[in-house]
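Just so it is clear, none of the values below were taken in a lab; they were calculated from the coordinates. Note that the structure is predicted; figures quoted are calculated from it, not measured. Because the Cβ atoms are built from the backbone with ideal geometry, glycine has one as well, and the counts that use them run over all protein chains shown.
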Amino acid sequence: MLSKKEIENLSNDINDLVIKNRLKEALAKLSILMEGIHVADFTLQFENLDKTYLMLLEYTFRGVPDPQRDRIYQSLRVSILELLDLVQQKALHNTGMHIYSIKAQMEDKKEIALEEAARNIDSLHFDKELARLLHENDVVGEINEAELPRISPRIFQLIWLTDKYAEADIRLMHAIKSSSDLPWHDKCLAISALTLSLLTCFDKEKFLILFDFYDNGEEQVWQRALTGLVIAIYFYHNRVQLYPVIRDRIEKYRDDQEFYSQVRHILIQILKARETEKITRNFKEEILPDVQKFESKIRERLDLDHLLTDDLIEDKNPDWEKIFEDSPDLLDKIQKMSEMQMEGLDLFMGTFAMLKNFDFFRELSNWFRPFYRSNETVLNAVSEHPQVKETFLAGMEESFYMCNSDKYSFCFNINHLPLEQGRNIMSLFIMEAENLHEIKEEDAILNKPEKDIYIFTQYIQDLYRFYKLHPFRNDFVDIFNLSWDIAGTELSNMLEPAPEVLKTAAQFLFEKEHFEEAIHLLEFLAGLENPQQDVIEKLAYSYQLSGNYRKALEYYKKSEIFESNRLWSVKKIIFCLRKLKLDDEALEWCTTALKQAPDDVYLHTMIGNCYLDLKRYEEALEHYFRVEFLAPDNKKVMRPIGWCCFVLGKIEMAHNYMSNILQIDAQSHDYINAGHVEFCLHNKTKAMEYYRKALEGIDISLAKFNEILEFDREFLILNGANPEEFPMITDYLRYNY
């Protein structure tokens, strides 16, 4: 029996072969995947597909004209993938994964539920009939029609674990969408179940239903539907192109700038979510130790045990600045983290990761449940005076910096704290909520479209917690572990009318130093008509930081034609030419640029380096002296000056510069160079002392030293050293090292 990984790899191979039009190979691999799966319908479908393709090939190469050939061929591609979906799900079922055991338990009841849906959903009375359909008790009897309908765990599973939606499934989802009685938060659960279902098993109907929920425009619901669509379009980026009905729905939004703005926010938030692990690690390693280090000082000097007095609430404590003087970086770090939080980066993952073990989270659907103040679960979890409870939960519901999943964790955790401590935390939170409410009123921070951004952010963070923390997360393909390299995919094609969306994504990847991923998007943008200068520059820079100096050089030369930042581009061109060992060409660029900026330190340094590599030491020395004059604080230039003096036989000048560099920033090679000078001045004891110090460093071994000595042989002889003594130097060091 194949393992989960083997099934996934084989399925991906088949999918790729179909996309590449290698259908016979795809069918051969599909037959391997079907081994041990004894489903008559699968076998019949496979035989029909194989026979149809063989006939198509025979007619083609017999020269038989067939105006329907292209349509049949495309239909074959789709049919192979549709069969693959079902075979893959059956193969995974046989691995014993947890979600498939849930699916097996549901199968017997599924048909009954769907038949009931088909009978009872009536277009004139669907709200009443939906209440009956969604009632999760299986006992026979009258249903209390006053009871509000709910997306129960059973219905969530029904939506999620159905591979291919039939007519009854579609009618159920449309009834949920259209119901005026079903609360928004239950519709949100249905969208999450639908998204999970689509990511588990491809189905064009699921795509179309998500589009319908998005078009319906119900607040909180459409944001989740669009998020699911963006994820699914990327997840199936190769396959979506085979379904005109999906592409037609995407095309509908071609001129809708609001749609592109919404997609941009979702895409950026997904990319930000992928930074969460790094942020959590930085918080633990950089900020938390500083906070813990100064906790005792803060408590002592600020009298934190009595902090909540009226005076301290109204007035600033003069000792606060003194506390941060003891840790000057801590305040900056905290401020930076605060800015990151306001930008939508996830700072709470590390804090709440350990608070997902409450019974509430044992039910999978609750990982996606929006937080709302009337939820009986949180009402029962918070033991407090009704008015305080209402104020607290209202503030929690409106809070935009904590995702829904973490809000539930926060409430459950309070219930496990000592009563007084829990009350203090609630009081502090209410104060914070009131402050945020004032900010919201003053700055309209949660008005459209800002409110949409926070809904996207919270939902994507909910998804992140599910994929990273759920006990059975390994049963799912982690969408946040995907490369999200969208250039050239159906998602980038969808966004082609709005290149600013792709540019924003590229900019984010660039700023976060994901240069390999940024390159693909920037390449796409650079290929558009009249590409912008900063796109070309960032593409070149990304190639440079990735070590591809030839491609970097290509784009730096393209950016050089723009009037602004021209000198910057020229300097980068020179840098890349140097990396490619093209010193003569680099020298030409340097001398040309020097006419425009005769006192530029970088240019003089690069010219000196070029001349040095070309062994034109006098000319190199001239420019290094110029650097020393223009930038007297740059002590590093003394190294090449000292070396040029040495190889030119200016031994006394070399001695002065090398002695100075030893006093400022001595490195292993500095000791070797200084040793050479002392050896040529016949100060052999001093020379051996310097050589030994060089060998004390981790980067110079005796073998390496011997190579350097041999390389420098001609310069040592030029300055009067006896070559017969060179082997003795190494032997002496072997005795004394």
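Observations on the model:
- In this simple spin-label model, placing a label point 7 Å from the Cα along the Cα-to-Cβ direction at both Glu205 and Glu516 gives a separation of 4.0 nm.
- Considering only the Cα atoms of the stretch 634-737, their convex hull presents on average a projected area of 5.9 nm².
- Computed magnitude of the charge dipole of the stretch 634-737 (debye, nearest 20; Cβ of K, R +1, Cβ of D, E -1): 280 debye
- In plain terms, the chain from Leu718 to His470 could stretch by 82.1 nm, reckoned as 0.36 nm per residue minus the Cα-Cα distance.
- Gain upon complete extension [Lys51, Glu696; 0.36 nm per residue less C-alpha separation]: 224.7 nm
- Between Asn530 and Leu428, the modelled label-to-label distance comes to 5.5 nm, taking each label 7 Å out from Cα in the direction of the beta carbon.
- Summary of the geometry: the stretch 26-61 and the stretch 465-535, compared by the centres of their Cα atoms, lie 36 Å apart.
- Kirkwood Rh, angstrom, the stretch 420-578 [1 / mean 1/r, Cα pairs]: 19.3 Å
- Each peptide in 546-553, 363-370 receives the mean, over its residues, of other Cβ atoms within 10 Å, and ordering these scores from highest gives 363-370, 546-553.
- Kirkwood hydrodynamic radius of the stretch 4-93, from inverse mean 1/r over distinct Cα pairs, in Å: 13.6 Å
- Checked against a 22 Å cut-off, the cross-linked pairs Lys90/Lys164; Lys615/Lys636; Lys272/Lys451; Lys164/Lys468 give Cα-Cα distances beyond that limit for Lys164/Lys468.
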